[in-house]
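The values are calculated or read from the model by the stated rules, or taken from the named source; none is laboratory data. This is a predicted model, so every value here is computed, not measured. When we count neighbours, we look across all protein chains shown, and the Cβ atoms used for this are built from the backbone with ideal geometry, even at glycine.
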Amino acid sequence: MAPTQWPGSSRLRRVRRLWPWFALVGALLLVRVSKGAGFADAYALLTRPFWPGPAQRDWIESAADLEDRAKLKLLNEDNRRLRGLLGLQQAGEDQGRVAAAVISRTPRGWWQQLELGKGALHGISAGDSVLGPGGLLGRVQSVTPATSRVKLLTAPGSEIGVWLRGSRRHGLLVGLGTSRLQLRFIEKDPKVRPGDLVSTSPASTLLPANVPVGVIQSVNERAVPAPYAVVQLIASPESIDWVQVIIN
């Protein structure tokens, strides 16, 4: 007669076969609850011998020192810029000019206009010339009591007459909606070259005379009907945060 198998022993064998799975599930739950803290500690203990040695530590310290020097250089440059802006504001007040902060720009019109934080209450009116550090930026297009809108020289459709002192030639400076402008000549042989200074005309009535505007970057002498040049403004609109408005 075959030996009788107890039900309890059968369940015990099933439990023994399943216990690795129970242990795995428990371990996963423990990792989830502890957010892997135990594994992170274990990893740290195992990798401690490979942490930065003297050579790597020297490299890290050198990089930190280089970062500090770069920050100091940037701070010095910013300090010089702020001192220049302060001098710009004081000079503007002494010479009958109004110093104004740039308060907004439109991303789509980056090369078209600026908004200034001063307006009619400060004596600014439409048509006034606007200068940045180094040269002419544009003209006031419209004003409110407390703000002014400036149409930049780089704006599409902007046109002003300019003068090249070196060749004693006149030209028409045209905005294209980009960072550079086009200088159109009347003569077929303008006798200009890259590096020549472009300024307002000494006989200008709409703009202050002999104000620097830009520098010629290149010349296309084969253009029809007349040559033209590419001009880079001296006062870059994208980096201007203070300007001077010349009151007419």
_Quick test of your reading of the structure: residue 178 fulfils all but one of (1) buried (at least 21 other Cβ atoms within 10 Å of the Cβ); (2) in a loop (DSSP other than H, G, I, E, B); (3) within 29 Å of the chain's Cα centre (by Cα); (4) not acidic (Asp, Glu). Name the failing condition by number._
(1)
*Which of the following residues is farther than 15 Å from residue 141 by Cα and modelled with pLDDT under 70: 96, 87?*
87
*Is there a residue in the stretch 149-162 that is buried (at least 18 other Cβ atoms within 10 Å of the Cβ), modelled with pLDDT under 90 and either within 17 Å of residue 207 (Cβ to Cβ) or of a type outside the set (A, V, I, L, M) (or both)?*
no
*Kindly indicate which of 197, 233 is without any contact (Cβ under 8 Å) to a residue 60 or more places away in the chain and either touching a Leu at 6+ places or on another chain (Cβ under 7 Å) or closer than 17 Å to residue 133 by Cα (or both).*
197
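Would you confirm whether any residue within the stretch 142-160 is assigned to a strand (DSSP E or B) and either in contact with a Cys (Cβ under 7 Å, 6 or more places away or on another chain) or farther than 19 Å from residue 242 by Cα (or both)?
For the stretch 142-160, residues assigned to a strand (DSSP E or B) and either in contact with a Cys (Cβ under 7 Å, 6 or more places away or on another chain) or farther than 19 Å from residue 242 by Cα (or both): present.
To keep it simple, each residue is scored yes or no on (1) at pLDDT 90 or above; (2) more than 30 Å from residue 120 (Cα to Cα); (3) not acidic (Asp, Glu).
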{"position": "179", "(1), (2), (3)": "no, no, yes"}
{"position": "194", "(1), (2), (3)": "yes, yes, yes"}
{"position": "217", "(1), (2), (3)": "yes, yes, yes"}
{"position": "224", "(1), (2), (3)": "no, yes, yes"}
*Quick one: which strands (runs of 3 or more DSSP E) lie wholly within the stretch 195-248 and hold at least 1 residues that are among the polar types (S, T, N, Q) and under 16 Å from residue 137 (Cβ atoms)?*
197-200, 228-233, 242-246
